[in-house]
Amino acid sequence: MLARDSYRHGDLRQALLEAGLDMARDGGPDAVVLREATRRAGVSPNAAYRHFADRAALVEAVSSAAQARVAGAIEAEWDAVPADLDPVATAHAHLRAVGVGYLRFARDEPGWFRTAFTVPRDLTTSFRSDKAGPGGRTSFQLLGLAIDELVAVGVVPAERRPGAEFSAWSSVHGLAMLVLEGPLRDLDPEVASAAGVRLIDMVARGL
């Protein structure tokens, strides 16, 4: 634990955020408690209010950080796409990377996934930099980029491009939640992964 006088230049905010992420990882957004975050950071509860006005502010920040981790997982899948594919295959592979990364994160980090996407937010916040992965794009932006590629190579008609992210996102998120806490939660991980790939291919065809 860091000493109280060791926090400088925003370090306390980061320490509180990391404590919130630890709590969210174990128990989702409901487990994030401001007073517990201050205890873990080794400061008095009043010290937190210079950085987070209340628990809701901390939960929102933790949610943004969790979304950045989702984007990072998607980027890892995206970067693994072979460089020697033709443009059509590359576009399909990038869309698949978005879906696979999203579903894998939901399976591997359920607490963070719930925190990322069950905290009420306005859609406009989906583009904020604090939700971006190391490559500077959010998961929503990566999905849009993948669909743009499909349009560019002629797989998706341009007239069907507007709003396509919402259909694709809703489909994959629905499967993620069914596997995470719905009737498919006992599904074998390999079967669930295969179902995810088939769903993503169906989404591409549907677009």
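The values are calculated or read from the model by the stated rules, or taken from the named source; none is laboratory data. Predicted model, so just to flag it, every value in this text is computed and none were measured. All Cβ positions, even for glycine, are placed from backbone atoms using ideal geometry, and neighbour counts span all protein chains on display.
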Inset, instruction - Tell me, please, whether a residue that is of a type in the set (A, V, I, L, M, F, W, C) and either over 30 Å from Ala61 (Cβ atoms) or in a helix (DSSP H, G or I) (or both) can be found in the stretch 131-141. - result: yes
Inset, instruction - Output the number of residues of the stretch 72-110 satisfying the condition of being surrounded by 18 or more Cβ atoms within 10 Å (Cβ to Cβ) and not in a helix (DSSP H, G or I). - result: 1
Inset, instruction - Test each condition in (1) touching a Lys or Arg at 6+ places or on another chain (Cβ under 6 Å); (2) at pLDDT below 95; (3) within 16 Å of Ala24 (Cα to Cα) for Arg55 and report the one that comes out false. - result: (1)
Legend entry - Flag if Leu184 is more than 17 Å from Glu77 (Cα to Cα), among the hydrophobic types (A, V, I, L, M, F, W, C) and part of a loop (DSSP other than H, G, I, E, B): yes
Legend entry - Ala31 closer than 24 Å to Gly135 by Cα, under 25 Å from the mean Cα position of the chain (by Cα) and not charged (D, E, K, R): no
Legend entry - Matching entry among Val179, Val197 (being surrounded by 12 or more Cβ atoms within 10 Å (Cβ to Cβ), within 14 Å of Ala97 (Cα to Cα), at pLDDT below 95 and not acidic (Asp, Glu)): Val197
